[in-house]
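The values are calculated or read from the model by the stated rules, or taken from the named source; none is laboratory data. Quick caveat: nothing in here was measured; it's all calculated off a predicted structure. Here the Cβ is made from the backbone with ideal geometry for all residues, glycine too, and neighbour counts use every protein chain on show.
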């Protein structure tokens, strides 16, 4: 690499390596861009046109979008995965993170593209500025300063979505036991399951907003006429928490076999209480291990200074007086 760097510097001057990197990037863009801009024929386009004509202006008004969404529609084939499996996985991840908009996948990939390209441009500008100030830079350093910001910018939206997903699931887990307690009280008071779900969605909004939103979606879908079993399965897949999936399975089995929902809820609520106590005990047992490092760093050195400091001071004073 040093030989190549020195050769480029001798041939093209101090900015030779940077010029070569820019030429390679431009060549890659020129090679990839035509294939990306080539619009593939959509086999469903004809069916969409027929459906739009059949439904008339009412369906067109229902599908009308905002200006930003309409602009993203022009580049939908570049901002969405062409593989349906990958598309479903990304949509499910965004849905679990709380992003349920129809164009959320396009916005997600648009953010990755813009942040990645912007960070890459910033890294290239910083590399050129640093080379102009300090002279020749190693090729590894130039590549690191150019590529690393672009990679960080590209993966920043994915990290943000994953963190939001984990936070949302943790909030759902922490409030699920209380929601089941409230549901059991409502069922034992004589309310139906739909009324219980509405009540839970209303009461849990203050403390656990994410869980309340999920129950509210279930209530609205059931009210719209969707089958309850399908709605509950969609809720289980949408949340992605094992405790919620087990609860949904219990409700479906109770509705299938005609058993009492209150008995199933009572057993499951007791199990959820035990799980919550076990999670609290697990966190409490890990506290001494986490505090040991802080204790060693912030408690042990001052203690040693207080215990050994006076003796060291006395010895130093005695030695200084003896030398005199």
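State all residues of region 162-178 that are in contact (Cβ under 8 Å) with a residue 12 or more places away in the chain and within 12 Å of residue 210 (Cα to Cα); if no residue qualifies, say none.
164, 165, 168, 169, 171, 172, 173, 174, 175, 176 - these are the residues of region 162-178 that are in contact (Cβ under 8 Å) with a residue 12 or more places away in the chain and within 12 Å of residue 210 (Cα to Cα).
Take the residues in region 224-238 that are in contact (Cβ under 8 Å) with a residue 12 or more places away in the chain and over 16 Å from residue 268 (Cβ atoms), then tell me which one is nearest to the chain's Cα centre (by Cα). Give the derivation first.
Quick first cut of region 224-238, residues in contact (Cβ under 8 Å) with a residue 12 or more places away in the chain only: 228-229, 231-238.
Now restrict to residues that are over 16 Å from residue 268 (Cβ atoms): 228-229, 231, 233-234, 237-238.
Numbers: 228: 29, 229: 28, 231: 24, 233: 22, 234: 20, 237: 16, 238: 14 Å.
Across region 224-238, the extreme among qualifying residues is 238.
When you scan region 173-182, do you find a residue that is within 25 Å of residue 90 (Cβ to Cβ) and assigned to a helix (DSSP H, G or I), even just one?
yes
Identify, from the list 179, 189, the residue that is within 27 Å of residue 226 (Cβ to Cβ), modelled with pLDDT of 85 or more, loosely packed, with under 14 Cβ neighbours inside 10 Å and assigned by TED's automatic domain parsing to the domain that holds residue 245.
The conditions single out 189.
Cβ-Cβ below 8 Å, separation at least six or inter-chain, first residue in region 255-266 and more than 13 Å from residue 193 (Cβ to Cβ) and in the same structural domain as residue 197 (by TED's automatic domain parsing), second at pLDDT 80 or above and surrounded by 15 or more Cβ atoms within 10 Å (Cβ to Cβ): which pairs?
Filtered contacts from region 255-266: 266/184.
Just checking, does region 142-152 include any residue being touching a helix residue (DSSP H, G or I) at 6+ places or on another chain (Cβ under 9 Å), surrounded by fewer than 13 Cβ atoms within 10 Å (Cβ to Cβ) and modelled with pLDDT under 85?
The answer is no; no qualifying residue exists.
For the list (1) within 28 Å of the chain's Cα centre (by Cα); (2) in a helix (DSSP H, G or I); (3) not assigned by TED's automatic domain parsing to the domain that holds residue 202, I need the number of the one condition that residue 142 fails.
Evaluating residue 142 over (1) within 28 Å of the chain's Cα centre (by Cα); (2) in a helix (DSSP H, G or I); (3) not assigned by TED's automatic domain parsing to the domain that holds residue 202 leaves (1) as the failure.
Condition check ((1) more than 23 Å from the chain's Cα centre (by Cα); (2) within 21 Å of residue 152 (Cα to Cα); (3) modelled with pLDDT of 55 or more; (4) assigned by TED's automatic domain parsing to the domain that holds residue 238) across all residues:
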| residue | (1), (2), (3), (4) |
| --- | --- |
| 46 | yes, no, no, no |
| 50 | yes, no, yes, no |
| 61 | yes, no, no, no |
| 87 | no, no, yes, no |
| 97 | no, yes, yes, no |
| 122 | yes, yes, yes, no |
| 127 | yes, yes, yes, no |
| 134 | yes, no, yes, no |
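Identify all residues within region 123-139 that are assigned to a helix (DSSP H, G or I) and out of contact with any helix residue (DSSP H, G or I) (no Cβ under 8 Å at 6 or more places or on another chain); write none if there are none.
Passing the criteria: 125, 129, 132, 133, 134.
Within region 316-324, is there a residue that is farther than 30 Å from residue 247 by Cα, more than 30 Å from the chain's Cα centre (by Cα) and not in a helix (DSSP H, G or I)?
From region 316-324, those farther than 30 Å from residue 247 by Cα are 316-324; that's our starting set.
When the remaining residues are screened for being more than 30 Å from the chain's Cα centre (by Cα), the result is 316-324.
Now narrow it down to the ones that are not in a helix (DSSP H, G or I): 324.
Yes, some residue in region 316-324 is farther than 30 Å from residue 247 by Cα, more than 30 Å from the chain's Cα centre (by Cα) and not in a helix (DSSP H, G or I).
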